[in-house]
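The values are calculated or read from the model by the stated rules, or taken from the named source; none is laboratory data. Since we're looking at a predicted model, the values are computed, not measured. Ideal geometry is used to build each Cβ from the backbone, glycine not excepted, and the neighbour counts take in all protein chains shown.
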Amino acid sequence: MIFVMLGTQNNSFRRLLEEIDKLIDKKIINEEVLVQAGYTQYGAKNDSMKIVDFISREELDAFEQKANIIITHGGVGSIITSLEKGKKVIAVPRLHEYGEHVNNHQLEIVEKFHQNGNIIGLQSVSELEEAIKKVKDFKPKPYIENNRKILGMIENFIDNVK
């Protein structure tokens, strides 16, 4: 199962779900997809994509644990919880120019985790097909807790940009 986490941001991230639907149509994605959509309203075109808006922390943890692959927005919390469970993560940043976030800080977050070898980090949803093809062979570097200092710096930067 692929678990897609869009977090609880009150802006839509339809672009990602539209791309996942396309990849299901193209048979690039051949397994069940469960989406925690938050505020993103989207009607899946494929029966193999199930969408829920909000779920409890316990349900979220259970779905993360069950998933083979996690596709997430570029939120620090979503990335870290998935890495702590030893999951293969593909992260796609929400972008300001699409009204998905207040700025483009998720680009930096995704890039940092990607450079560290923890995740497959994308800059655009158009890169998702290639990421899906290579995620099976991807061997993520384990997440090391001492990255908290770096994450604190990123979060501080984000707070000061708003």
Within region 4-44, restricting to residues that are part of a loop (DSSP other than H, G, I, E, B) and of a type in the set (D, E, K, R), the one that is surrounded by the most Cβ atoms within 10 Å (Cβ to Cβ) is E32
Looking across region 79-99 at residues that are out of contact with any strand residue (DSSP E or B) (no Cβ under 8 Å at 6 or more places or on another chain) and charged (D, E, K, R), the single one that is nearest to K66 (Cα to Cα) is K85
Restricting region 45-84 to residues that are of a type in the set (D, E, K, R) and more than 20 Å from E19 (Cα to Cα), the one surrounded by the most Cβ atoms within 10 Å (Cβ to Cβ) turns out to be E64
Original post:
Before we move on, is V76 under 13 Å from the mean Cα position of the chain (by Cα) and at pLDDT below 95?
Top reply: yes
Those residues of region 19-46 which are within 23 Å of K136 (Cβ to Cβ) and not hydrophobic (A, V, I, L, M, F, W, C) amount to E19, D21, K22, D25, K26, K27, N30, E31, E32, Q36, N46
Counting only helices (runs of 4 or more DSSP H) entirely within region 92-162, those with at least 2 residues that are at pLDDT 85 or above are 105-115, 128-135
Scanning region 23-64 for residues that are closer than 25 Å to N104 by Cα and charged (D, E, K, R) gives D53
Listed by first then second residue, the pairs whose first member lies in region 89-113 and is over 11 Å from V76 (Cα atoms), whose partner is surrounded by 16 or more Cβ atoms within 10 Å (Cβ to Cβ) and of a type in the set (K, R), with beta carbons under 6 Å and at least 6 positions apart or on separate chains, are E100/R94; H101/R94
